1. Find the residue count for the stretch 40-71, including only residues that are surrounded by fewer than 14 Cβ atoms within 10 Å (Cβ to Cβ) and over 15 Å from the mean Cα position of the chain (by Cα).
2. Return the total of residues in the stretch 20-39 being part of a loop (DSSP other than H, G, I, E, B) and over 19 Å from the mean Cα position of the chain (by Cα).
3. Answer yes if at least one residue in the stretch 64-71 is assigned to a helix (DSSP H, G or I) and in contact (Cβ under 8 Å) with a residue 12 or more places away in the chain, and no otherwise.
4. Please verify whether residue 7 is under 17 Å from the mean Cα position of the chain (by Cα) and buried (at least 16 other Cβ atoms within 10 Å of the Cβ), treating the condition exactly as stated.
5. Among the residues in the stretch 47-57, are any more than 17 Å from residue 8 (Cα to Cα) and out of contact with any strand residue (DSSP E or B) (no Cβ under 8 Å at 6 or more places or on another chain)?
């Protein structure tokens, strides 16, 4: 996978996961749909997802920097 595409996926995923973790956007959407019973379990999914997307972003930045240094 190209570094630019990997970086784009990482950044977009990080922003979306951060918005859902730290703002009530997802809670409101889940409540509107009628699935408010799962709100208590969202943190078990969102925080690991946020961590994974941050790691993807860091990995893509490291790959990009190494490629630029190599030539």
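Only the coordinates and a few stated rules stand behind these numbers; no lab work does. Just so we're clear, the structure is a prediction, and the values are computed from it rather than from any experiment. Ideal geometry is used to build each Cβ from the backbone, glycine not excepted, and the neighbour counts take in all protein chains shown.
1. 10
2. Counting residues in the stretch 20-39 that are part of a loop (DSSP other than H, G, I, E, B) and over 19 Å from the mean Cα position of the chain (by Cα) gives 2.
3. The answer is yes; a qualifying residue exists.
4. yes
5. For the stretch 47-57, residues more than 17 Å from residue 8 (Cα to Cα) and out of contact with any strand residue (DSSP E or B) (no Cβ under 8 Å at 6 or more places or on another chain): present.
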